[in-house]
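To start, the structure itself, in structure tokens.
The values are calculated or read from the model by the stated rules, or taken from the named source; none is laboratory data. Since the model is a prediction, treat every value here as computed from it, not as a measurement. Cβ placement follows ideal geometry from the backbone for every residue including glycine, while neighbour counts extend to all protein chains displayed.
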């Protein structure tokens, strides 16, 4: 969530030092992979216990929630841009949502149908599209254990061979910036691991650790901007492997880099896993547990922070203060959402057990989750 805020704030100098600057993959890969894991936790059991119809209904319900979250997010950012223009005399609305002023009808239709995704507002639509594939994959798994992998690989291959994508900009004709037919591959790797459709390698295997470490280290000179500025010829080497669509279509090296990095990190932290949820780790995990709410807040805060940084002249002190304040705000959002989800307005005392059984009233009911993904201990 912190990385997403930094990456979504235009002009944020801290963006030059997020993990994406030191390797092929970025925070987007982590987000999508963890979404796959979390979706298996949240929805896999429903399909197993209640069958395809109820499982599919729950997926549809989740898609409906995320769809409205996306519309509200776009509306909030339009309102923020308009307010900034009115208060500070800027021209943010035209810069960020120009088509809304020149062709409002077409722009509104594009927003509602997800066929127009303004800059940096493409993660939730991608998640919606991938969620719609979950019932297909689970149904395919019931037909044959390899069927989901065949479907996933076929879609990924179609992206690279035939340019498969969805329309993402009516004015330029470009597709979705985060192509769901490509990014589903990483999502379903995480999904399949959590569903135990895929075996995972033994942690801290020396040979595999060495191979992953070499690969991750080799990606740094081809990714870190300081090195690329010092030795610009390395840009030509990088161009041999990557093209302009390498993030949109999720280049295979991005997947390989993320999996190698994940294996290294998980192997290295394994001895301290039980302690990770304590202290500062507990604060960070609470933000992750309310990730839909904190994601929505982070995008709005990022746009607002960019305006403040511009008004402050882009000084490093101002940028640092904005980043730290935003991190604190994300924690406050997470705590607030958690408080509301606990339904504190309900009765806090329970009737005696005998009365509870006599009336057969379930006094504790789980609240519907509004999280995009849930951390698993």
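For the reader, a short list of remarks on this structure follows.
- Qualifying residue in the range 47-55 (condition: assigned to a helix (DSSP H, G or I), within 20 Å of the chain's Cα centre (by Cα), surrounded by fewer than 16 Cβ atoms within 10 Å (Cβ to Cβ) and at negative phi): no
Yes/no matrix, rows are residues, columns are (1) exposed (fewer than 14 other Cβ atoms within 10 Å of the Cβ); (2) closer than 21 Å to residue 204 by Cβ; (3) in contact with a strand residue (DSSP E or B) (Cβ under 6 Å, 6 or more places away or on another chain); (4) in contact (Cβ under 8 Å) with a residue 60 or more places away in the chain:
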residue: 216; (1), (2), (3), (4): no, yes, no, yes
residue: 233; (1), (2), (3), (4): yes, no, no, no
residue: 254; (1), (2), (3), (4): no, no, no, yes
residue: 259; (1), (2), (3), (4): no, yes, no, yes
residue: 262; (1), (2), (3), (4): no, yes, no, yes
residue: 265; (1), (2), (3), (4): yes, yes, no, no
residue: 269; (1), (2), (3), (4): yes, yes, no, no
residue: 280; (1), (2), (3), (4): yes, no, no, no
residue: 289; (1), (2), (3), (4): no, no, no, yes
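- Residue check, residue 296 part of a loop (DSSP other than H, G, I, E, B) and touching a residue at least 40 places away in the same chain (Cβ under 8 Å): no
- Residue in the range 27-42 that is in contact with a helix residue (DSSP H, G or I) (Cβ under 6 Å, 6 or more places away or on another chain), more than 30 Å from residue 329 (Cβ to Cβ), modelled with pLDDT of 95 or more and not in a loop (DSSP other than H, G, I, E, B) present: yes
- So residue 307, is it closer than 17 Å to residue 69 by Cβ and either surrounded by 10 or more Cβ atoms within 10 Å (Cβ to Cβ) or modelled with pLDDT of 55 or more (or both): no
- Qualifying residue in the range 361-371 (condition: surrounded by fewer than 17 Cβ atoms within 10 Å (Cβ to Cβ), farther than 19 Å from residue 80 by Cβ, modelled with pLDDT of 90 or more and in contact with a helix residue (DSSP H, G or I) (Cβ under 8 Å, 6 or more places away or on another chain)): no
- The single condition among (1) surrounded by 20 or more Cβ atoms within 10 Å (Cβ to Cβ); (2) more than 21 Å from residue 174 (Cα to Cα); (3) modelled with pLDDT of 95 or more that residue 72 does not meet is (1).
Results for (1) exposed (fewer than 12 other Cβ atoms within 10 Å of the Cβ); (2) over 27 Å from residue 180 (Cβ atoms); (3) touching a strand residue (DSSP E or B) at 6+ places or on another chain (Cβ under 6 Å); (4) free of Cβ contacts under 8 Å to residues at least 12 places away in the same chain, shown as yes or no for each residue.
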| site | (1), (2), (3), (4) |
| --- | --- |
| 82 | no, yes, no, yes |
| 90 | no, yes, no, no |
| 94 | no, yes, no, yes |
| 97 | no, no, no, no |
| 107 | no, no, no, yes |
| 110 | no, no, no, no |
| 114 | no, no, no, no |
| 122 | no, no, no, no |
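- Scanning the range 185-204 for residues that are outside any helix (DSSP H, G or I) and in contact (Cβ under 8 Å) with a residue 24 or more places away in the chain gives 195, 197, 201, 203, 204.
- Any hit, the range 165-180, residues being surrounded by fewer than 21 Cβ atoms within 10 Å (Cβ to Cβ), touching a helix residue (DSSP H, G or I) at 6+ places or on another chain (Cβ under 6 Å) and without any contact (Cβ under 8 Å) to a residue 60 or more places away in the chain: no
- Count of residues meeting criterion [more than 26 Å from the chain's Cα centre (by Cα) and exposed (fewer than 14 other Cβ atoms within 10 Å of the Cβ)] in the range 195-210: 5
- Residues of the range 299-319 satisfying the condition of being without any contact (Cβ under 8 Å) to a residue 60 or more places away in the chain and assigned to a helix (DSSP H, G or I): 308, 317, 318
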